[in-house]
1. Given (1) surrounded by 14 or more Cβ atoms within 10 Å (Cβ to Cβ); (2) at pLDDT 80 or above, identify the lone condition not met by residue 106.
2. From the list 221, 180, pick out the single residue that is at pLDDT below 75 and over 60 Å from the mean Cα position of the chain (by Cα).
3. Name the residue, out of 112, 185, that is more than 30 Å from residue 29 (Cα to Cα), surrounded by 10 or more Cβ atoms within 10 Å (Cβ to Cβ), at pLDDT below 90 and of a type in the set (Val, Ile, Thr).
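The values are calculated or read from the model by the stated rules, or taken from the named source; none is laboratory data. Just so we're clear, the structure is a prediction, and the values are computed from it rather than from any experiment. As a convention, Cβ positions derive from the backbone with ideal geometry for all residues, glycine included, and neighbour counts pool all protein chains shown.
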Amino acid sequence: QQAVNAPPLLLPEALGFSPQLLLDDIINIANNAVTDAVNGLEEFLQRWADERAKKEGGSDTTKESEWDPTGEVEQGLVAFQTLLEYHTDIAFDFFEAWSLRNVFAVPPDLPIVLPHQEGLDLTQSPEREKELMDEIVELRLQLQDQRRLGRVLTRAVHVSRAGRRRAEKRRERLSFLHDPTFDTIEGLPQKLFELYKSVSALPDLDPATLSSLTQYRLSDPGKRPWETSKTGYLNWAVSQLLVRARERNAA
């Protein structure tokens, strides 16, 4: 038959394998079968030659010395293998050519739509095809960036975990600072705040009290009357009581 020019990639795409590789495998199997047949025949002929040599060993010593069973078997096997390989090559050359022209041949005008190409629009213009290819390249770059970002984030997670482990070890070394006696120290600021509120709630001093304090002679210029001694404090307290008593009487 006349050879048919079919798209070279159509059959591998449709079948999932290359027809040429399939034919090569078939030919290799045939050659292996020829080799196995020759090896089996060699064992059979070697046993036959050994038995014949034993039977004729005692009858004629001259003939035994002239006849070499091993050499005869090897020469016959080489000739037999050469003949088989010759006919095998011729037969499978015809088989390969016939298969490529008949079994694995598709007419170029035959409308074939592969399952994974069904519904696709293959009539795009070169400009549109170039745009699609550029878009694919851009998407691939974005995918690579995402993968790179994922690796960076994974590395950052490992670094963060290592830092957390170090921080936990430091915390364990400083765990002795967490002692119940420190609760008293923590309560001091609250007590100071309450003291400040109490002092702030005290009434302001009246002008008479302020004038008496300023007119009182200090025994020690650096101290107030009630700070000098117990006597100074008592004198100051008595003067304050007298001032308040006068104010009440005047009222």
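1. The single condition residue 106 does not satisfy is (2).
2. The unique qualifying residue is 221.
3. 112
Condition check ((1) over 39 Å from the mean Cα position of the chain (by Cα); (2) in a helix (DSSP H, G or I)) across all residues:
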{"site": "98", "(1), (2)": "yes, yes"}
{"site": "108", "(1), (2)": "yes, no"}
{"site": "111", "(1), (2)": "yes, no"}
{"site": "127", "(1), (2)": "no, yes"}
{"site": "131", "(1), (2)": "no, yes"}
{"site": "136", "(1), (2)": "no, yes"}
{"site": "141", "(1), (2)": "no, yes"}
{"site": "144", "(1), (2)": "no, yes"}
